[in-house]
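Shown next, in structure tokens, is the structure this report addresses.
The values are calculated or read from the model by the stated rules, or taken from the named source; none is laboratory data. Everything numeric in this text was worked out from a predicted model, so none of it was measured. Please note: Cβ atoms are built from the backbone with ideal geometry, for glycine as well, and neighbour counts cover all protein chains shown.
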Amino acid sequence: MTGQTEFIPSRTEALKNLSDFLPKAGRNYAARRNYDFGAGRHHEVSKLSPYLRCRLITEREVLRAVLNRHSEKAAEKFIQEVFWRTYWKGWLELRPSTWRHYQTGLATAWNNVQTQDGLRDRWGAACRGDTDLECFNSWAHELVSTGYLHNHARMWFASIWIFTLRLPWELGADFFLRHLLDGDPASNTLSWRWVAGLQTPGKTYLARASNIAKYSDGRFRAERQLADAAPPLTGPPHPPPTPLRPPLTVQRDLKTGLLLHHDDLSPGFLLETLRPVSLCQLRHDNGFSPLTPSPLVTEFRHAATNETATRFAHRFETTAIAGSVEDLLDWSARENLQQIIMAEAPVGPIATLLQDFANHPQAPRLCAVRRPYDALTWPLATKGFFSFRKSIPNVLSQII
Ligand SMILES: Cc1cc2nc3c(=O)[nH]c(=O)nc-3n(C[C@H](O)[C@H](O)[C@H](O)COP(=O)(O)OP(=O)(O)OC[C@H]3O[C@@H](n4cnc5c(N)ncnc54)[C@H](O)[C@@H]3O)c2cc1C
């Protein structure tokens, strides 16, 4: 399977996608968003997720643009979907051990793949899209070759992976994270857990042939091929929410560098009152999988980071690229930096790498600045989405 993605990694392209989609973000979206017409025909959804994932465009920008065009009532469904992303982010920030728990489960499952021939064959066939299920194979091919899957296809795929093919859910989540351009520790891990019955305990998602036939526009017939029950997997109870890390205060009198990373490529809010002297792009490609991420994902993130750095470069005396803690130490020493500022990276590989850097005795102080949108919304994700949802009007009134 060779890769060819329609997603061009630039802010201009993100803004174009948004403006092309805006007329459809109202009642049309509510009525049509569940239809998956297949690769190259996802015209009823926004396809903004690769851009939102790395914040080439922010949630706030998208919400503002939508509310400029539609009433809150007409765009209710689309707004809610954007807030699902926000909710999952907040939920994981308040319970970071869930990410570590997933990584431990993945390491065990990966060890089993390497030591059990039968499991390795079944996992390999699923990832290659070489099973007896035409629909599943088609989604695997689409994901690998384009870096995108419709939400409904993600739900069907995850359900079939877990309940029909009976493969470990962590390996499926890993397959998605390696291939989705929008692959995101919070949305991906927690959505897979939701399908498996681990996130909303006892509640699973069962893919049904009739639902697939209807919403794939009759492209797939899977009668008598799918599991007819989805018994929930079991796992430890949710950890209680823990307080968010209190961010370090930025000091204005220190020689400062700006670190740019693909968890947040809208650094403008950091530069409103500060004048860092040097800009460094962080290129951290993995840290989440025992396997190599798809070149489509790596190239998209490198190019998006580079495009952002190029747009902002004129504000800095020097620029650099770093891929490791050692590179970051070299950059800080070379530039005599006393402080590094960055948009806070949420739970995931970048936050883990930067924690290692911050703990190094030679590192300057590292200030991860929390974006006001995150500061406002993350603390609200203490319970389920339906409780979180009640805060949406209040959040909107503060950000619009
Ligand atoms: C098993 C599974 C894994 C998933 N993995 C990811 C992932 O790694 N990264 C990711 O961004 N989304 C993930 N999702 C959520 C959702 O499928 C995608 O966000 C959505 O399909 C992106 O396409 P779009 O931009 O065209 O969405 P639209 O329908 O146009 O929605 C607009 C925006 O709202 C957000 N959104 C929409 N639906 C959801 C949702 N269910 N959960 C969270 N945010 C949502 C996205 O940011 C999206 O860009 C996953 C869903 C499932 C079921």
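Name the residue that is surrounded by the fewest Cβ atoms within 10 Å (Cβ to Cβ), counting only residues in the range 222-252 that are closer than 14 Å to CYS367 by Cα and not hydroxyl-bearing (Ser, Thr, Tyr).
Here is the first cut: in the range 222-252, the ones closer than 14 Å to CYS367 by Cα are 245-252.
Of the ones still in play, those that are also not hydroxyl-bearing (Ser, Thr, Tyr) are 245-248, 250-252.
On the way: ARG245: 13, PRO246: 7, PRO247: 12, LEU248: 14, VAL250: 16, GLN251: 13, ARG252: 10.
Looking at residues that are closer than 14 Å to CYS367 by Cα and not hydroxyl-bearing (Ser, Thr, Tyr), I get PRO246.
Can you confirm whether the range 318-330 contains a residue that is outside the structural domain of SER159 (by TED's automatic domain parsing) and part of a loop (DSSP other than H, G, I, E, B)?
Just the residues of the range 318-330 that are outside the structural domain of SER159 (by TED's automatic domain parsing), to begin with: 318-330.
Adding the requirement that they be part of a loop (DSSP other than H, G, I, E, B) leaves 323-324.
Yes: the range 318-330 contains one or more residues that are outside the structural domain of SER159 (by TED's automatic domain parsing) and part of a loop (DSSP other than H, G, I, E, B).
Those residues that are assigned to a loop (DSSP other than H, G, I, E, B) and under 20 Å from PRO346 (Cβ atoms), I need them from the range 255-266; list them, please.
Here is the first cut: in the range 255-266, the ones assigned to a loop (DSSP other than H, G, I, E, B) are 255, 262-263, 265-266.
Hits for the range 255-266 are HIS262, ASP263, LEU265, SER266.
Looking at the range 195-236 only, could you name the residues that are more than 16 Å from the ligand (Cβ to nearest atom) and among the aromatic types (Phe, Trp, Tyr)?
PHE220
If a residue has to be in a loop (DSSP other than H, G, I, E, B) and either near the ligand (Cβ under 10 Å from one of its atoms) or out of contact with any Ser or Thr (no Cβ under 6 Å at 6 or more places or on another chain) (or both) to count, how many in the range 5-55 make the cut? Write out each step before concluding.
Here is the first cut: in the range 5-55, the residues in a loop (DSSP other than H, G, I, E, B) are 5-10, 25-26, 33-48, 54-55.
This time we only want the ones that are either near the ligand (Cβ under 10 Å from one of its atoms) or out of contact with any Ser or Thr (no Cβ under 6 Å at 6 or more places or on another chain) (or both), so: 6-10, 25-26, 33-38, 40-48, 54.
Residues in the range 5-55 being in a loop (DSSP other than H, G, I, E, B) and either near the ligand (Cβ under 10 Å from one of its atoms) or out of contact with any Ser or Thr (no Cβ under 6 Å at 6 or more places or on another chain) (or both): 23 in total.
Scan the range 237-249 and tell me whether some residue there is within 13 Å of the ligand (Cβ to nearest atom) and either touching a strand residue (DSSP E or B) at 6+ places or on another chain (Cβ under 8 Å) or closer than 30 Å to LEU291 by Cα (or both).
Of the range 237-249, the ones within 13 Å of the ligand (Cβ to nearest atom) are none.
No, there is no match, as no residue in the range 237-249 is within 13 Å of the ligand (Cβ to nearest atom) and either touching a strand residue (DSSP E or B) at 6+ places or on another chain (Cβ under 8 Å) or closer than 30 Å to LEU291 by Cα (or both).
Return yes or no: is GLU81 modelled with pLDDT of 95 or more and either in a helix (DSSP H, G or I) or more than 12 Å from the ligand (Cβ to nearest atom) (or both)?
yes
Tally the residues that are basic (Lys, Arg), on the phi < 0 side of the Ramachandran plot and assigned to a loop (DSSP other than H, G, I, E, B), restricting the search to the range 192-232. It would help to see each step written out before you state the result.
Within the range 192-232, the subset basic (Lys, Arg) is 193, 203, 208, 214, 219, 221, 224.
Narrowing further to those that are on the phi < 0 side of the Ramachandran plot: 193, 203, 208, 214, 219, 221.
Remaining after also requiring assigned to a loop (DSSP other than H, G, I, E, B): 203, 208, 219, 221.
Counting residues in the range 192-232 that are basic (Lys, Arg), on the phi < 0 side of the Ramachandran plot and assigned to a loop (DSSP other than H, G, I, E, B) gives 4.
Considering only residues that are basic (Lys, Arg) and not in a helix (DSSP H, G or I), look in the range 344-400 and name the one that is surrounded by the most Cβ atoms within 10 Å (Cβ to Cβ).
ARG371
Tally the residues that are polar (S, T, N, Q), in contact (Cβ under 8 Å) with a residue 24 or more places away in the chain and over 26 Å from ARG178 (Cα atoms), restricting the search to the range 260-297. Write out each step before concluding.
Going residue by residue through the range 260-297, those that are polar (S, T, N, Q) are 266, 273, 278, 281, 286, 289, 292, 294.
Among the residues that remain, those that are also in contact (Cβ under 8 Å) with a residue 24 or more places away in the chain are: 266, 278, 281, 286, 289, 292, 294.
Restricting the remaining residues to those that are over 26 Å from ARG178 (Cα atoms) gives 278.
Within the range 260-297, residues that are polar (S, T, N, Q), in contact (Cβ under 8 Å) with a residue 24 or more places away in the chain and over 26 Å from ARG178 (Cα atoms) number 1.
One line per residue, one yes/no per condition, for (1) out of contact with any Asp or Glu (no Cβ under 7 Å at 6 or more places or on another chain); (2) in a loop (DSSP other than H, G, I, E, B):
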{"position": "VAL250", "(1), (2)": "yes, yes"}
{"position": "ASP253", "(1), (2)": "yes, yes"}
{"position": "GLY268", "(1), (2)": "yes, no"}
{"position": "LEU274", "(1), (2)": "yes, yes"}
{"position": "GLY287", "(1), (2)": "yes, yes"}
{"position": "PRO293", "(1), (2)": "no, yes"}
